[in-house]
Amino acid sequence: MAQVRACPPYRLLAVHYDRFFFFPFHRVWQRARRVLLGKILPQLGSACDLACGTGTTALAMARRGLKVFAVDLSPTMCRLAHEKARRAGVPVRVLRADMRTFRLPEPVDLVTCEFDAINHVPRKVDLTRVARAVARALRPGGYFCFDVNNRMAFQKIWPSTWWIERPGLVLVMHGGYDARRDKGWTIAEWFVREGRRWRRSRERVEEVCWAPAEIQRSLHLAGFDQIRSWDATPFFRDDPWIRPGCRTFYLARRSPSA
Ligand SMILES: C[S@@+](CC[C@H](N)C(=O)[O-])C[C@H]1O[C@@H](n2cnc3c(N)ncnc32)[C@H](O)[C@@H]1O
């Protein structure tokens, strides 16, 4: 039997992230940002992209002239984001930190947390910790923009199996929904060609599920007042996998008096 190497989450997923997930997904988040932040963004001077991955959104905001911080827990993601910003000649300060406890050197006007990154915390109660850490990172009146996978996504989409092939590289993903823990889980199986052999590795990613009321409550507890939400379906255009109710985008304002 072939040996399977277990990796921590976002090791190989980080290394190959842009090859597999950049296109066409970055367009989805670009569209969402235009709708959610279009009117706000020109008034802002600084931002933090939380769980920044390879730094694509952080770079886009820095190119607009914002002062940008980028935070991620994965050392590989941080290194890739830092290298991408350096290669592009765009000033982005990358910090390795946990979204539940991160602190920025100075308050910012906007915190983004994209591509269901916020679902990645280990426990349900961590949502309030993230909301509090974000509120602390924002100036009063600042905005928090994020998206979540909802239970329907874990129940309807995650149990399927799909794969992508690139020269010398195959990614097979399959997963499911654990109702007892209210969590989605996905296994990324990697097959990487090394000379005449293929090396097989496995990463497991889990995501916590929250009902909209739980999200509203955590945001209120952390001091956010105006909370708006959008179903993600229109941003995905013709993607047959995404049905109404699977993913929601949120924009919340830290109360000016909090
Ligand atoms: C699906 S990726 C999204 C990356 C990026 N936001 C994007 O839109 O491409 C999830 C990211 O969350 C990061 N992450 C997971 N748990 C985290 C935590 N507790 N604190 C900070 N980042 C975390 C992972 O390292 C990974 O980069």
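Here are the numbers:
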item	result
Per-pair calculated FRET efficiency, R0 = 41 Å: Ala179 and Arg86 via Cβ, rounded to 0.05	0.40
About the Cα centre, charge dipole magnitude for the range 80-190 (Lys/Arg +1, Asp/Glu -1 at Cβ), debye	400
Cα→Cβ-extended label distance, 7 Å offset, between Arg64 and Glu206, nm	3.5
Computed [θ] at 222 nm, deg cm²/dmol, the chain (DSSP H ≥ 4; -39,500 (n - 2.57); rounded to nearest 500)	-7500 deg cm²/dmol
Length-normalised contact order for the range 94-218 - Cα pairs under 8 Å, 6+ apart - percent	23
Check: the range 33-79 dipole with +1 on Lys, Arg Cβ and -1 on Asp, Glu Cβ, in debye	240
Gyration tensor (alpha-carbon) shape descriptor, the range 56-109, a/c threshold 1.5	oblate
Paramagnetic reach from Ala6 in the range 176-207 [backbone N under 11 Å; point 7 Å along Cα→Cβ]	202-204
Choice from Val71, Val15, Val111 showing the highest fluctuation, given a GNM over the chain with Cα pairs closer than 10 Å	Val15
Gyration tensor verdict on the range 18-144 (Cα atoms; rounded if a/c is under 1.5, prolate if a/b is larger than b/c, oblate otherwise)	rounded
Packing rank of 218-229, 31-42, where each peptide gets the mean count of other beta carbons within 10 Å, highest leading	218-229, 31-42
Spatial separation of Cα centroids for the range 123-138 and the range 141-180, in angstrom	22
Cut-off 10 Å between beta-carbons: net charge of the residues surrounding Thr128, Lys and Arg +1, Asp and Glu -1	+3
Diffusion constant of the chain at 25 °C, which comes from Stokes-Einstein with the Kirkwood Cα-pair radius and 0.890 mPa s, µm²/s	130
Candidates Asp72, Asp182, Asp147, ranked by Gaussian network fluctuation over the chain, Cα under 10 Å, top entry	Asp182
Choice from Leu50, Leu59, Leu12 with maximal GNM fluctuation in the chain (Cα, 10 Å cutoff)	Leu12
The range 148-207 - percent relative contact order, Cα under 8 Å, separation 6 or more	26
Formal net charge of residues neighbouring Pro107 (Cβ-Cβ distance under 13 Å; K, R +1; D, E -1)	+3
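Only the coordinates and a few stated rules stand behind these numbers; no lab work does. All values reported here derive from a predicted model rather than from experimental measurement. Note that we place each Cβ from the backbone using ideal geometry, even for glycine, and neighbour counts take in every protein chain shown.
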